[in-house]
Amino acid sequence: MNTPRQELEARVAAAVHRLFSPAPPAPYVRPCPDLRHGDFQTNAALVLAKEAKANPRDLAAKLAAALALADLADQPDIAGPGFLNFRLKPAYLAQQISLRATDSRLGLPAVANPETFVIDYSSPNIAKEMHVGHLRSSVLGDALARLYRFLGHTVITDNHIGDWGTGFGMILFGYKRDGDPEKLRQDPFGHLESIYRRVQEEAKADESIREAAKRELVLLQQGDAANLELWNRFLKYSLEALDTIYRRLGVKFDHTLGESFYNDALPGVVADLLKLGLARESEGAVAIFSDGKLPPKDDPFLVSRDGKYDDNPLLVRKSDGGYNYATTDLATIRYRHDHFHAKRVLYIVDGRQQMHFRQLFAAARRWGYGAMDLEHVWFGAILGADKKPIKTREGGDVKLKALLAEAEERAGKIIAEKRPELPEAERAALGRVVGLGALKYADLAQNRNLDYVFSWEKLLAFDGNTAPYVQNAYVRIRSLFRKAGLEQAPVAEVALTEPAELALAAKLLDFADSVHLAASEYRPHYLCLYLFELATLFHKFYEACPVLTAAAPVRDSRLVLCDLTARTLRLGLDLLGIEVVEQM
Ligand code: ARG
């Protein structure tokens with residue numbers, strides 16, 4: 001089932017093929033920037049005129065005459081230098097709404113060529129409590145996994161936790177000295193983090209502590225039984241604590257293959273890189289250097305300093321024999337290739353790691369994994385009111401656990417004010433869905449590459465581009481159906497006449513376009529924006545067009561429109577990992 005945009009694109013392409021040989025590249029149809037001039041627009045004539053050195057308005061007229069659109073749109077207007085503007089016909093809109101009304105996928109077929117994706121997200125370091133920064137990765141990764149699964153791809157989600165590495169030397173040393181098994185059990189992250197902080201502080205001033213921590217790490221890496229036993233315990237409790245948060249967030253992983261999982265593979269990776277001549281020894285360490293094949297400004301293994309280029313190597317083995325973050329990531333790429341047969345890997349990781357991933361991907365290509373599509377889907381920071389990365393009043397990290405609790409509590413209060421008559425338990429349940437939804441949506445609604453300022457007032461507002469606003473449109477429709485004593489819309493002929501009705505219908509038909517755009521650019525904010533606009537058009541429609549009091553055929557047609565709107569809002573939110581409620 002094509003969206004109107006796809007259908008127009010196909011028709012324009014067919015006409016272009018008839019007019020030109022050899023056929024030029026496929027034309028492009030986009031929503032009209034000003035809806036007063038039409039629903040969609042193409043610049044095909046402008047592009048073709050440049051190639052053919054012809055007058056673009058003449059070409060636009062020729063193209064318009066060659067188009068077969070009678071069932072779909074009015075004869076297009078030629079606008080400005082040679083744009084074609086299309087206005088969809090009410091009968092076409094009505095027919096397309098009917099098709100979607102009986103389709104469980106709401107007009108969005110699964111893709112013809114599914115691919116296997118690995119999505120690497122959340123991925124916290126487990127010696128530290130999860131903080132607000134982990135929200136973005138967890139929520140974005142989950143939304144992308146849902147989007148790609150819905151599109152029919154095979155999606156494997158993997159939480160690449162940091163459960164190995166230098167931090168554990170300090171933790172083992174500190175825990176042996178002043179650890180408390182009971183505290184570890186009750187609050188693993190809190191306990192380990194405070195130990196880690198203390199030792200880190202002491203190690204700054206005291207060489208012997210640094211040495212002692214290093215010894216513990218070497219023992220762990222050599223398989224020392226006591227250290228391994230402790231480490232296993234840290235891991236077990238930390239994973240349990242992580243799980244509580246993920247369950248609350250509604251985020252799931254198929255695998256949690258942390259850094260430790262790849263530990264045994266690391267010597268082999270480095271040996272392979274050395275053997276292939278991709279890496280070489282340098283000052284006792286092993287690193288990957290530029291191969292000189294890229295222009296210096298694009299080469300991630302070079303940096304420009306004072307007008308000349310210096311080496312910017314990627315370390316894969318330290319001079320003390322330890323391995324690096326990048327070594328594990330290379331082993332992980334090999335595993336995901338060999339074991340999961342991944343065609344694409346998405347890394348949903350903070351923008352501050354851009355250099356790491358540029359080097360990693362370039363190294364992987366040279367290592368023979370060039371056929372895999374590796375993407376760093378990076379995001380910016382969450383800022384406080386002072387426009388600096390958000391902190392607690394005491395200046396510490398905002399713990400994710402506390403953030404989730406506050407979201408639920410604040411939403412619960414709002415619900416209590418709006419619906420004092422609801423039983424306490426029901427209000428709490430609503431508070432959970434609305435609060436978490438608002439928190440997730442606030443994150444997803446931002447272009448991920450931008451930093452954004454966190455504000456409880458904004459994200460919980462019942463108007464604006466927020467989850468409560470979209471959820472509320474759904475609730476309004478559901479209460480309409482309750483009032484009518486109906487579970488869903490009757491099977492009825494759809495007829496559209498009123499402008500508000502036509503505008504809502506046209507928006508409903510764009511759903512698949514917004515899902516494809518959000519998925520292909522790894523930017524769920526396009527879907528948020530769509531849902532916000534859909535909810536807005538629904539509210540306008542609802543004010544302008546009576547539903548239950550309209551005469552029978554109009555009433556039934558409008559019920560179909562309302563029902564499809566509710567299902568689109570619900571599915572759209574679900575693809576973002578956000579639930580709906582039946583009343584609020
Ligand atoms: N644990 C890392 C951190 O907290 C993120 C890991 C991201 N995934 C990866 N394959 N490098 O910074």
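The values are calculated or read from the model by the stated rules, or taken from the named source; none is laboratory data. Keep in mind the model is a prediction, meaning the values are calculated, not measured. Counting neighbours? That spans all protein chains shown, and the Cβs are built from the backbone with ideal geometry, glycine included.
Where residues in region 132-152 are surrounded by fewer than 20 Cβ atoms within 10 Å (Cβ to Cβ) and more than 9 Å from the ligand (Cβ to nearest atom), which of them is nearest to the chain's Cα centre (by Cα)?
In the first step, residues of region 132-152 are kept if they are surrounded by fewer than 20 Cβ atoms within 10 Å (Cβ to Cβ); the result is 133, 146, 149-150, 152.
If we keep only those that are more than 9 Å from the ligand (Cβ to nearest atom) as well, we get 146, 149-150, 152.
On the way: ARG146: 9, ARG149: 13, PHE150: 14, GLY152: 17 Å.
Selected residue: ARG146.
With (1) out of contact with any helix residue (DSSP H, G or I) (no Cβ under 8 Å at 6 or more places or on another chain); (2) in a helix (DSSP H, G or I) as the list, and ARG432 as the residue in question, which single condition is left unmet?
(1)
Please work out which residue is nearest to the ligand (Cβ to nearest atom), limiting yourself to region 303-316 and to residues that are over 27 Å from LEU217 (Cα atoms) and in contact with a Leu (Cβ under 8 Å, 6 or more places away or on another chain).
That would be ASN312.
Quick one: what pairs do we get from region 39-54, first residue farther than 19 Å from LEU8 by Cβ, second surrounded by fewer than 18 Cβ atoms within 10 Å (Cβ to Cβ) and among the aromatic types (Phe, Trp, Tyr), C-beta under 9 Å, 6+ apart or different chains?
The qualifying pairs are GLU51/PHE20; ALA52/PHE20.
Output the residues belonging to region 134-166 that are touching a strand residue (DSSP E or B) at 6+ places or on another chain (Cβ under 7 Å) and of a type in the set (Gly, Ala, Ser).
Residues satisfying the conditions are SER137, GLY141, ALA145, GLY162.
Would you mind telling me which numbered condition in (1) at pLDDT 95 or above; (2) surrounded by fewer than 21 Cβ atoms within 10 Å (Cβ to Cβ); (3) closer than 20 Å to ALA15 by Cβ ALA68 fails?
If we test ALA68 against (1) at pLDDT 95 or above; (2) surrounded by fewer than 21 Cβ atoms within 10 Å (Cβ to Cβ); (3) closer than 20 Å to ALA15 by Cβ, just (1) comes out false.
Would you confirm, using the coordinates I've provided, whether ALA518 is among the small types (Gly, Ala, Ser) and under 32 Å from the mean Cα position of the chain (by Cα)?
yes
Please count how many residues of region 317-353 are buried (at least 19 other Cβ atoms within 10 Å of the Cβ) and away from the ligand (no atom under 14 Å from the Cβ).
1
Sort out which residues of region 137-153 are in a loop (DSSP other than H, G, I, E, B) and in contact with a helix residue (DSSP H, G or I) (Cβ under 7 Å, 6 or more places away or on another chain), and write them in order of number.
Residue satisfying the conditions is LEU151 alone.
Quick check on this structure: which one of GLU533, GLU521, GLU582 is among the acidic types (Asp, Glu) and without any contact (Cβ under 8 Å) to a residue 12 or more places away in the chain? Steps first, please.
On the way: GLU533 fails: without any contact (Cβ under 8 Å) to a residue 12 or more places away in the chain; GLU582 fails: without any contact (Cβ under 8 Å) to a residue 12 or more places away in the chain.
The match here is GLU521.
In region 1-34, what residues are surrounded by fewer than 17 Cβ atoms within 10 Å (Cβ to Cβ), among the hydrophobic types (A, V, I, L, M, F, W, C), closer than 24 Å to GLY107 by Cβ and in contact (Cβ under 8 Å) with a residue 12 or more places away in the chain?
Those that are surrounded by fewer than 17 Cβ atoms within 10 Å (Cβ to Cβ), among the hydrophobic types (A, V, I, L, M, F, W, C), closer than 24 Å to GLY107 by Cβ and in contact (Cβ under 8 Å) with a residue 12 or more places away in the chain: MET1, ALA14, ALA26.
Kindly indicate whether any position in region 227-234 is closer than 30 Å to ALA405 by Cβ, surrounded by fewer than 19 Cβ atoms within 10 Å (Cβ to Cβ), touching a helix residue (DSSP H, G or I) at 6+ places or on another chain (Cβ under 8 Å) and not hydrophobic (A, V, I, L, M, F, W, C).
yes
Out of the residues in region 103-119 meeting the condition of being under 19 Å from ALA518 (Cβ atoms) and among the charged types (D, E, K, R), tell me which one is farthest from the ligand (Cβ to nearest atom).
ARG105
Which residue out of ILE156, ILE195 is of a type outside the set (S, T, N, Q), modelled with pLDDT of 90 or more and not in a helix (DSSP H, G or I)?
Answer to the selection: ILE156.
Given (1) surrounded by 13 or more Cβ atoms within 10 Å (Cβ to Cβ); (2) within 27 Å of the chain's Cα centre (by Cα); (3) of a type outside the set (A, V, I, L, M), where does LYS388 come up short, assuming only one miss?
Only one criterion is unmet by LYS388, namely (1).
Only residues that are within 14 Å of the ligand (Cβ to nearest atom), of a type in the set (Gly, Ala, Ser) and outside any loop (DSSP other than H, G, I, E, B): list them for region 354-394, please.
ALA363, ALA364
Just to verify a result, which residue in region 546-569, among those that are surrounded by fewer than 19 Cβ atoms within 10 Å (Cβ to Cβ) and in contact with a helix residue (DSSP H, G or I) (Cβ under 7 Å, 6 or more places away or on another chain), is nearest to LEU140 (Cα to Cα)?
LEU548
Does region 54-70 contain any residue that is under 30 Å from VAL218 (Cβ atoms) and either polar (S, T, N, Q) or within 16 Å of the ligand (Cβ to nearest atom) (or both)?
Checked region 54-70: no residue is under 30 Å from VAL218 (Cβ atoms) and either polar (S, T, N, Q) or within 16 Å of the ligand (Cβ to nearest atom) (or both).
For region 275-297, does any single residue satisfy the condition of being of a type in the set (Lys, Arg), at pLDDT 95 or above, more than 16 Å from the ligand (Cβ to nearest atom) and within 28 Å of the chain's Cα centre (by Cα)?
no
I need the full set of residues from region 368-421 which are out of contact with any strand residue (DSSP E or B) (no Cβ under 7 Å at 6 or more places or on another chain) and β-branched (Val, Ile, Thr), in order please.
Passing the criteria: THR392, ILE414, ILE415.
For region 370-394, which positions are free of Cβ contacts under 8 Å to residues at least 40 places away in the same chain and among the small types (Gly, Ala, Ser)?
If the condition is that a residue be free of Cβ contacts under 8 Å to residues at least 40 places away in the same chain and among the small types (Gly, Ala, Ser), then GLY370, ALA371 are the ones that fit.
So for region 78-87 (the condition being out of contact with any helix residue (DSSP H, G or I) (no Cβ under 9 Å at 6 or more places or on another chain), surrounded by 15 or more Cβ atoms within 10 Å (Cβ to Cβ) and either more than 26 Å from LEU517 (Cα to Cα) or charged (D, E, K, R) (or both)), does at least one residue qualify?
Within region 78-87, one or more residues are out of contact with any helix residue (DSSP H, G or I) (no Cβ under 9 Å at 6 or more places or on another chain), surrounded by 15 or more Cβ atoms within 10 Å (Cβ to Cβ) and either more than 26 Å from LEU517 (Cα to Cα) or charged (D, E, K, R) (or both).
Using beta carbons and a limit of 6 Å, which pairs, at least six apart or on different chains, have the first residue in region 266-289 and on the phi < 0 side of the Ramachandran plot and surrounded by 13 or more Cβ atoms within 10 Å (Cβ to Cβ) and the second one outside any strand (DSSP E or B) and of a type in the set (Lys, Arg)?
Sorted first by the residue in region 266-289, then by its partner, the pairs are LEU278/ARG366; ALA285/LYS318.
Results for (1) touching a residue at least 40 places away in the same chain (Cβ under 8 Å); (2) under 35 Å from the mean Cα position of the chain (by Cα); (3) within 16 Å of the ligand (Cβ to nearest atom); (4) buried (at least 21 other Cβ atoms within 10 Å of the Cβ), shown as yes or no for each residue.
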position: GLY162; (1), (2), (3), (4): yes, yes, yes, no
position: GLY165; (1), (2), (3), (4): yes, yes, yes, no
position: ILE171; (1), (2), (3), (4): yes, yes, yes, yes
position: ARG177; (1), (2), (3), (4): no, no, no, no
position: GLU182; (1), (2), (3), (4): no, no, no, no
position: HIS191; (1), (2), (3), (4): no, yes, no, yes
position: ARG198; (1), (2), (3), (4): no, no, no, no
position: GLU202; (1), (2), (3), (4): no, no, no, no
position: ILE209; (1), (2), (3), (4): no, no, no, no
